[in-house]
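Written below as structure tokens is the structure these notes are about.
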Amino acid sequence: MEREAIERLAIDSAAGQLNEDMQAIFAEYLAANPQANKWAEDMMEVYKMTETAISSKTKPAVRTDAGVKALPIFHWQPIARWAAVVVFSAFIGLAAGRWSKQPVVPQGPTQETVASDWTSRTRYLDPASIGESFWREKVLAMFQAKPTAAVNIKIMNHSLWEKYRQFIKERNYE
Amino acid sequence: MKDKITKEFQEFWTRTAAKVRAYMFCACDNWDDADDMTQDCCLRALNAWGQFNGRASRQAWLFGIARRTRADWFRQKRRRNVTVHPDNMDKLQKVEAEKSNINEIEKIWNVIKDLNTEQSEVIHLRFAAGLDYAQIAHTLGIPIGTVRSRLHRGLKAVKEIAGERENGT
């Protein structure tokens, strides 16, 4: 066989592209022909060198999962669900407040009521209209300041926060 | 249906991605560019997954796409007209010279880079992608006999050039 044919077969053999029968025949031939064996060995060595060179240069291409940690996935669905519940509740609350009836606030006495009440009370103060009577004395007594018990005023040592709260209360009251 | 295709592709890609990446690296000698090309190839393969006609193995089909991706990438690179600044030329040559002397593996690697496209492509598909002759033939659209002769010529050239460089240094 020619050198080229030997080399081609050597490459095929190294690449595992020869079937078993061919492989056996080729091995037998090489064993019987030292020169052909030398050519084949040279070519197989080149094949292996090339394979080694390419595989070692492209080794980083094989990535393994060892040491690779999966990034935590942000599960937004439960948060979105809760946010929807909060928004819905707020809407319900606002709607209920918006369309509910105004509470009935008890009205104080009108100016006219107060005036008529005052007139009816002071009617007895005028001696010309009623004269000196039992009822006039009663009315005068009613208008007099009643003696009150002395209030035991206790000076509290309020904290700054308590003072501030008191200030807010008084201001709101005013 | 779409989920099934995606799952099938994912399984297939997990098995073959490293080979595609290695095949791309052989062309550009740069992992960043290899990753770009691999990603491009992955997208193309996913888009064309349903068009596979079953005439060859999936691997051969994928490397056909990889080969076209590689060719397109080089075409675009040429269009971008990447030039080396004259000041950096000496440095580059120095680096190349140093590179060639690093060790046997680098020497063989540089020889393979200097081979013509036909030969280097067969060598890349055989050694980086791990395809057999039939798959290489289908990927390149050539007969198996041509694959064998290109591989033989390529390896012979590797042997000769490596020997010449060894004698020259």
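Ignoring ligands, DNA and RNA, how much accessible area is buried between chains A and B, both sides summed, with a 1.4 Å probe, to the nearest 100 Å²? Don't skip to the end; give the middle numbers.
Details: alone 16350 and 10800 Å², together 24640 Å².
What A and B bury together is about 2500 Å².
Apply the a/c threshold of 1.5 to the C-alpha gyration tensor of segment A:3-57 and tell me whether it is rounded, prolate or oblate.
Details: a/c = 2.74, a/b = 1.59, b/c = 1.72.
Oblate is the answer for segment A:3-57, as a/c is 1.5 or above yet b/c matches or exceeds a/b.
A:SER55: accessible area at probe 1.4 Å, nearest 10 Å²?
Roll a 1.4 Å probe over it and A:SER55 shows about 60 Å².
Give the ranking of B:HIS152, B:HIS138 by solvent-accessible surface, highest area first, calculated with a 1.4 Å probe.
On the way: B:HIS152 5, B:HIS138 85 Å².
Sorted descending by solvent-accessible area, the residues read B:HIS138, B:HIS152.
Take every residue in peptide A:44-53, count the Cβ atoms of other chains within 10 Å of its Cβ, and give the average of those counts. Please report the intermediate quantities before stating the final value.
Values: counts 1, 1, 10, 6, 0, 9, 13, 5, 4, 13.
Per-residue shielding by partner chains comes out at 6.
Residues of B:23-29, mean number of Cβ from any other protein chain within 10 Å of their own Cβ, rounded to a whole number?
Details: counts 3, 2, 5, 4, 0, 0, 1.
Other-chain Cβ atoms within 10 Å of each residue's Cβ, averaged: 2.
Once you have a ≥ b ≥ c as the square roots of the Cα gyration tensor eigenvalues for segment B:1-82, tell me rounded if a/c is under 1.5, and otherwise prolate or oblate according to whether a/b is larger than b/c.
prolate
Looking only at other chains, what is the average number of their beta-carbon atoms within 10 angstrom of each beta-carbon in B:144-156?
Working: counts 1, 0, 0, 1, 6, 2, 0, 7, 9, 2, 3, 11, 7.
Average per residue, whole number: 4.
The values are calculated or read from the model by the stated rules, or taken from the named source; none is laboratory data. All values reported here derive from a predicted model rather than from experimental measurement. Here the Cβ is made from the backbone with ideal geometry for all residues, glycine too, and neighbour counts use every protein chain on show. Side chains are part of the model used for accessible areas, which takes the heavy atoms of the whole protein and leaves out ligands, DNA and RNA. Shrake-Rupley method; radii C 1.70, N 1.55, O 1.52, S 1.80 Å.
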